[in-house]
Amino acid sequence: MSSNKFPTPTSVVGKSVPRVDALDKVLGRAQFTADLQRNFPGLFHIKVLRSPHAHARIVKLDTSQAGKLPGVRAVVTGKDCPEKVSFRAPRILALEEVIWAGEGVAAVAAESPEIAQEAIELIQVEYEKLPAVFDAEEAMQPNPPAIVDRLLGQYRGSPQFTPEAPNVTGHFKLRAGDVEKGFAEADIILENRFSTSRISHSQLEPASCIVRAESDGGIITWTNGQGVYVIKGLISDLFGLAVGKVRVINPYQGGSFGSRLRHYVEPLATLLALKARGTVQFTYSRQEMYLAASTRLPVVTYIKTGAKKDGTIVAQQMKIIVDNGASYAAIQDGRMAASGAVCVYRIANFFMDSYGVNTNTPWAGAYRGLGTPQVAWAVECQMDMLAENLGMSPIELRRKNVLRRGEKNAYGEIIESIGVMDCLEKVAQEIKLEEPCVQEPGPWRKGKGVAMGGKQNTPRGHSEAEVLVHEDGTVEVLYSADEQGMGSETVMAQIAAEEFRIPMGQVRVRRGDTAITPYDTFSASSFTTYNTGNALRMACQDAMRQILQAATQKMEAPLDDLALVNGKIIVKGSPGMALADLFEPFSIFTPQGGASLKKGTPVRGRGVFAPTPAIPWDPQTGLTPKMWNWYQYNACGVELVVNIETGEIKILQGVFAADMGFPINPKMCEGQIEGGFGMAIGASIMEEYIYENGLMTNCSYGDYRIPTFREMPLRRNVKAIFSPDPLPEGPWGAKGIGEGTMIAVAPAIANAVYNAIGIRIKDLPLSAERVLRRIKEKEKNDQDFLHN
Amino acid sequence: MRFDFYEPTTIGECIEMLTHFGQEASLLAGGTDLLVKLRLRHIRPQAVISLGVIDELKKLERKSDGSLEIGAMKTLQEVESSNLLANEFDLVRQGAGCVSSIQVRNVATLGGNSCNASPSADTVPALIALGAEVQIVGPHGERHLVLEDFFTGPGETVLQKGEILTEFKLPAPSSHSGGTYKKYAIRGEVDISIVGVATRLTLDRNHKLQEVRIVLGGVAPTPNRVRRAEDMLVGQDPREELFEEAAQLAAEESRPISDQRATAQYRREMVKVWTRYTLQETFQKARQNHHGKG
C-alpha cells in the first residue's frame, strides 16, 4: 500500500486496528444526544407545526388555545424569531409566507412530547395559497411562474442576484480554451440531458439537541449537529449572546452524510430554551427528516461532447442546473457540483455554466459528494455513450482522456495526486469487463458496467488539535471535528499512538466540547484525516519537543540526540530514562515555577493546520491555478440483472476501487467503500421524493425505500480495492475517502443496464417503474405504453 | 389524544359497547393498523374496544363436511403455521405469510386484515379465491355474506353500527384443485403490495378447467375477482397462451390508481405479469393434486 515517497515504516497508522468506539457502540453504552435527556428532570419537549402548502401567505395565525393548554411552557412563531438570518441554517420559522411544504410555522415547548403535540393541534392557521414553482428549469427563467421568496436572493446579498431571474441564486462560468474551435475539429459530437432525483440522507439518528438556558444568560447545547464551534458562532450571532457564554457539546453522531452541516434544530431549540428559561429538547421525527432537514441537490446536466475518431475529446460544453429547493442555506452557484466534470478528464476546450436555483420544494444542501455524484452521473454515462459511438471500449476512451499526475485540469490547476485510471483498470479487470455475460432463460438479463469519478477537497477553515502527555506516558487527544460514524476518533488515536510510539490503549480521545477541546470547523469535504490529522501531528511534535527540551538538562544531552519512544527517553547510545522521571514531585523546598515538568501537570502540545488557500478565479472564465485543495478518486464496476417484465434491478456484484491517498486504517476505508456502495445503490435504483402539489407523499421508511441487505449483493461479491496515489502534504500521504465512494456507482449501474438490455436511461433513479416504461417504449417502437 | 379503553370478554358485551359508542369507537384487534392511524391522527376515537380477550373469536376448526371455520382474532402467524390449513387451504397460509414481517404477523389478525379494508390486504384475495364467507354479528343477530361483498371501498365495509366480523367460513375445496397467491412489492413481503394475485383452478376429469378464480388486490378500490378472465378460462384446456390471454384480460379489468407506490400503468402491467405466473404455478399444483388423488 505504501508508496516509495513514504518509506518510513509505521507501526500503528496503515494498520486495521479496531475502532476505539467499537466496544461502547456494540454494547449500547455509547451516548448519543437523545440518551442524555434522562439527565434533565423538568425537560421541555418541542413540537413544530408545519405548512402543508408549498407556497402560501400566512393570513392568520392564532396560538392562543395552544398557549392555554396545561403543561405548555412556551409557544413561538416567526414573529418571535431573531430578524437575523444565517446562511448556515434555514429560517427558524416562517414569517409572512411559507415557501415549502414542511416549513415550520409555529412551535411549542411543553412538559411532555404528547402535550406539545396536542398544543400544536390547537394552533389555527389560515393560508392564502400562492403560485409555486417546483421545477428548477422553469424556476430559473426570467418571469418564472413563482418567486420562491423575494427575500432569498436579496438576503443572501449574492452579487449575482438579479431581479430579472429572481430564483437564480448564483452562476459560475468556466471558459477554458476555445470551445467553438474544438467542436469544429471534432469528428463526432454527442449531446444529452441527464437528471437526478431529490433524495434524503436518511441517516439513522434524526437531528436532536438539548439546550439549557443558564442563569447568567448563557446556554449549553448538546447536539448531534456538525461542528461545535460553528454552532457556537451561529447561536451567539443569531441571538446576540456573549460568545464566552455559549458552550456546545457534541456526543456521538448517528450518521450525517452532510445533513448536519446546516443547523436545523439548534436555533429553534435555543429560542424556546431562552423563552422557557429552562432546558428543552428538540428531536426530529423521521417525517420531519424528510420534510424539513437537508436533502440531496437534484441536478439537471446538459452535456455536449466533441471527440476525434481516435477518442480524443476536443471540446465539451455543459449547463448544470442545481436545485437548491427553498433554501436560505443554498449552494449558491453550482460550482462544487460542476467540479465533478473537471477533475477527471483532460479537456482543453471546456465551456461550462452552472446555476443554483431556488424552488418551492424541501431545501437541499450537502450530501456525500456535494453535487459531484450528480454531475459525474451525466459525465460517466456520456463517456460510455461516446465510446459506443466511436466503436471503442469504454476503458480505452477513458484511458485516452484521463488527467495524469502533473497535468493541468480545465481550471488551470496542476494535479498532484490522481490514481483514478489505476482504479478503473483494476475494477475492469476484477469484474472481467471484456468477457460478455452468459444469459440464462427467464426474464432476468445480465449486464456489466463501469464508471469512475473524483471529488474535490475544499480548502476550508483551519483545524486545531491538542495532546496532553501525562507522566505515565498516556496521552489524551483533544479535538473538535465530528465523529459521525466515519471513525475520526480511531484515526486520531492512531496518529497519536504512532507519533509517541505507544500502544493504542494508551491514547484516550476527548472530542467536541467548546469548553475543553480546541477549534475546528466540522467534518466535511472528506478532510478530517487531512486537516485535523495534520494539526494533531503538529500537536504531538510540539509536546515531544517540550518533553525532550526538559530532558536535555536531566540527561545532559543535546536535543538532536534524544527521542521519546513508548514512555522512554532514549539518548543515542545510552539506555535512557523513563518519561515519568522527568516530572518533578511537589516539594516546598524546590522552586515551583520555571521550565521543568511538574508531576500531575501534563505536557500540553498544540497544533494548528490550515490548508493552502484557493486563489480567486477570474469571474468571467473561472480560471485559477488553485480552485480546490486536492482530489480523491474512485472507480466502480457492477454486474447486475434486469427483469424485463417488471423493470426490477438486482446488483449481483460490486467492485470498487478508491484513491484515498495513504489509508490510515484500511479496514475503515473498506467500510467507507461498502457503505458508500450500498448508499449509492439506493440513490441509483430506489430513492426519490414523490410529491403532490409540492407536498412529499412518501415521507416514511415504508414508502421511501433506502437500501437494506435485500438490495446489497452478497458480502463475498462486494470487493474493495485500494489504489492510492499518496498526497505529499497529507499525514503519511493520506487524503480522504468519505465522499468519493458513491460517485461512480450510479453511472456504473446505468452502463450495466445498457449492457444488459440495450436501453440508456438518463434520469435517476432507475426505479423498476422507470426501467419498465423504457422497455415498453422500446418494445412498442416509441409508442407510449401510458396510453394503453 | 385521550380515549377510554374497554376490554369485553364476550361478543355480546362487545356489541353492546359498540352500539353505545357508534362512530366514536374503534375496535382493537392486533393493532398493527389502528395504532398507526391513532399516531397519525387519522382517527380520534372516544373509545378503543379491544377484542383481545374474547375467546369465541379465536377458534380454528375443521368441520365434518370438510369446511373450515377461522375466528377473526386468529393471528396471521397462527394461520400461516397451522397444520389444519395445509394442503387444500394452503392459499390462506400463503396470503397470511406475505403480510409484513414475523413481528407484525405475531399480533396482526386475519379479521383485522379484512376489517381494515385496505385494497392491498394480502390475506383477502386468497380468502376470496377459496370462496370464503364471513359471519357478521350485531345487535340484530347474525348474517353471512361472501367476503368479496364485504368491502365497499378503501377502508370501508358493509359493517353497520354495532356489528363485528366474527369468523370466516371456507367451504371444502375440490381435491382436483390448486391455489397460489403472489404478492409483488418493491421490497417483498415487508412492503405494501403494488399488486397481489390469488388464483385457484379446479380441473375436471378430462383435465379441463372446471372452476377458475382470479382475485386481484391493490388494483381497485376493493380486492375483487376478474370475471371476464375467469369465464374465458372455464371449460378450456389449460395451456400457456390461454393463461397469457387471461392475464391480459385481468389487466384490462383492473381499475388501479396511481399513488406513491406505483402508477396505475405500472400496476396494470404487473397484473398481467403476475396473473400469468400465478396461473402457471396454480395449474402445476392442480395437475399434481389431480394425479395424486385421481
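The values are calculated or read from the model by the stated rules, or taken from the named source; none is laboratory data. Note that the coordinates shown come from a computational prediction; the quantities given were computed from them, not determined experimentally. So basically every Cβ, Gly included, is an ideal-geometry build from the backbone, and we count neighbours across all protein chains shown. Accessible surface areas use protein heavy atoms only, side chains included; no ligands, DNA or RNA. Shrake-Rupley method; radii C 1.70, N 1.55, O 1.52, S 1.80 Å.
Points worth noting:
- Residues of the range A:276-323 that turn out to be open to solvent by less than 10 Å² (accessible area, probe 1.4 Å) and of a type in the set (S, T, N, Q), as a count: 5
- Taking the criterion of being surrounded by 21 or more Cβ atoms within 10 Å (Cβ to Cβ), of a type in the set (Ser, Thr, Tyr) and more than 19 Å from the chain's Cα centre (by Cα), the residues of the range A:491-530 that qualify are A:Thr514, A:Thr517.
- Pairs, first more than 14 Å from every other protein chain (Cβ to nearest Cβ) and part of a loop (DSSP other than H, G, I, E, B) in the range A:743-770, second basic (Lys, Arg) and open to solvent by 20 Å² or more (accessible area, probe 1.4 Å), C-beta under 7 Å, six or more apart: A:Ile759/A:Arg774; A:Ile759/A:Lys778; A:Ile761/A:Arg770; A:Ile761/A:Arg774; A:Lys762/A:Arg193
- Scope the range B:185-207; condition open to solvent by 10 Å² or more (accessible area, probe 1.4 Å) and within 27 Å of A:Asp703 (Cα to Cα); matching residues: B:Ile186, B:Arg187, B:Gly188, B:Glu189, B:Val190, B:Asp191, B:Ile192
- For the range A:690-701, filtered to residues that are within 7 Å of chain B (Cβ to nearest Cβ) and open to solvent by 30 Å² or more (accessible area, probe 1.4 Å), the residue that is nearest to A:Pro52 (Cα to Cα) is A:Thr697.
- Boolean, A:Glu639 is in a strand (DSSP E or B) and not aromatic (Phe, Trp, Tyr): yes
- The residues of the range B:261-271 that are at the interface with chain A (Cβ under 9 Å from one of its Cβ atoms) and either charged (D, E, K, R) or open to solvent by less than 10 Å² (accessible area, probe 1.4 Å) (or both), listed by number, are B:Arg261, B:Ala262, B:Tyr266, B:Arg268, B:Glu269, B:Met270.
- Of the strands (runs of 3 or more DSSP E) lying entirely inside the range A:532-629, the ones with 3 or more residues being hydrophobic (A, V, I, L, M, F, W, C) are found at A:562-565, A:568-571, A:603-609.
- Residues of the range B:223-260 that turn out to be open to solvent by 20 Å² or more (accessible area, probe 1.4 Å), of a type in the set (Val, Ile, Thr) and away from chain A (no Cβ under 13 Å), as a count: 1
- The set of residues from the range B:272-294 being open to solvent by 30 Å² or more (accessible area, probe 1.4 Å) and within 13 Å of chain A (Cβ to nearest Cβ) comprises B:Lys272, B:Trp274, B:Arg276, B:Tyr277, B:Gln280.
- Listed conditions (1) more than 17 Å from the chain's Cα centre (by Cα); (2) at pLDDT 95 or above are all met by A:Tyr367, apart from (1).
- Taken over the range B:40-79, the residue count meeting the criterion of being in contact with a helix residue (DSSP H, G or I) (Cβ under 7 Å, 6 or more places away or on another chain), open to solvent by 70 Å² or more (accessible area, probe 1.4 Å) and of a type in the set (Lys, Arg) is 1.
- When residues of the range A:562-602 are limited to those that are over 23 Å from A:Val475 (Cβ atoms) and open to solvent by less than 60 Å² (accessible area, probe 1.4 Å), the one modelled with the highest pLDDT: A:Ser587
- Among residues of the range B:169-187 being more than 14 Å from chain A (Cβ to nearest Cβ) and part of a loop (DSSP other than H, G, I, E, B), the one that is modelled with the highest pLDDT is B:Pro171.
- Boolean, A:Gly461 is under 25 Å from A:Met742 (Cβ atoms), open to solvent by 10 Å² or more (accessible area, probe 1.4 Å) and in contact with a Gly (Cβ under 7 Å, 6 or more places away or on another chain): no
- Members of the range A:337-356 that are assigned to a helix (DSSP H, G or I) and either under 21 Å from A:Glu185 (Cβ atoms) or not assigned by TED's automatic domain parsing to the domain that holds A:Ala451 (or both): A:Ala341
- Subset tally (residues that are more than 14 Å from every other protein chain (Cβ to nearest Cβ), surrounded by 22 or more Cβ atoms within 10 Å (Cβ to Cβ) and not hydrophobic (A, V, I, L, M, F, W, C)) for the range A:632-664: 9
- Taken together, the residues in the range B:208-239 that are touching a strand residue (DSSP E or B) at 6+ places or on another chain (Cβ under 7 Å) and among the basic types (Lys, Arg) amount to 2.
- Selection status of A:Pro613, more than 14 Å from chain B (Cβ to nearest Cβ) and open to solvent by 50 Å² or more (accessible area, probe 1.4 Å): yes
- Within the range A:357-368, being open to solvent by less than 10 Å² (accessible area, probe 1.4 Å) and in a loop (DSSP other than H, G, I, E, B) holds for A:Thr359, A:Asn360, A:Thr361, A:Pro362, A:Trp363, A:Ala364, A:Tyr367.
- When the range A:89-129 is filtered for residues that are touching a helix residue (DSSP H, G or I) at 6+ places or on another chain (Cβ under 6 Å), within 19 Å of A:Leu291 (Cα to Cα) and surrounded by fewer than 20 Cβ atoms within 10 Å (Cβ to Cβ), only A:Leu95 remains.
- All positions within the range A:177-199 that are under 20 Å from A:Leu764 (Cα atoms) and open to solvent by 30 Å² or more (accessible area, probe 1.4 Å): A:Glu191, A:Arg193
- Yes/no for B:Val190 being in contact (Cβ under 8 Å) with a residue 12 or more places away in the chain, under 14 Å from the mean Cα position of the chain (by Cα) and within 14 Å of another protein chain (Cβ to nearest Cβ): no
- The range B:1-94 holds helices (runs of 4 or more DSSP H) entirely within its bounds, and those carrying 1 or more residues that are within 14 Å of chain A (Cβ to nearest Cβ) map to B:34-39.
- Restricted to strands (runs of 3 or more DSSP E) entirely inside the range A:61-180, those with at least 3 residues that are within 29 Å of A:Tyr302 (Cβ to Cβ), touching a residue at least 60 places away in the same chain (Cβ under 8 Å) and under 30 Å from the mean Cα position of the chain (by Cα) are A:168-176.
- Look at (1) buried (at least 20 other Cβ atoms within 10 Å of the Cβ); (2) at pLDDT 95 or above and you find that A:Glu138 fails only one, number (1).
- Residues located in the range B:193-202, provided they are within 14 Å of chain A (Cβ to nearest Cβ) and assigned to a strand (DSSP E or B): B:Val195, B:Val197
- Filter result for B:Ala121 (in a loop (DSSP other than H, G, I, E, B) and crowded, with 23+ Cβ neighbours inside 10 Å): yes
- Within the range A:447-463, the set of residues being more than 19 Å from A:Arg346 (Cα to Cα) and of a type in the set (Lys, Arg) comprises A:Lys448, A:Arg460.
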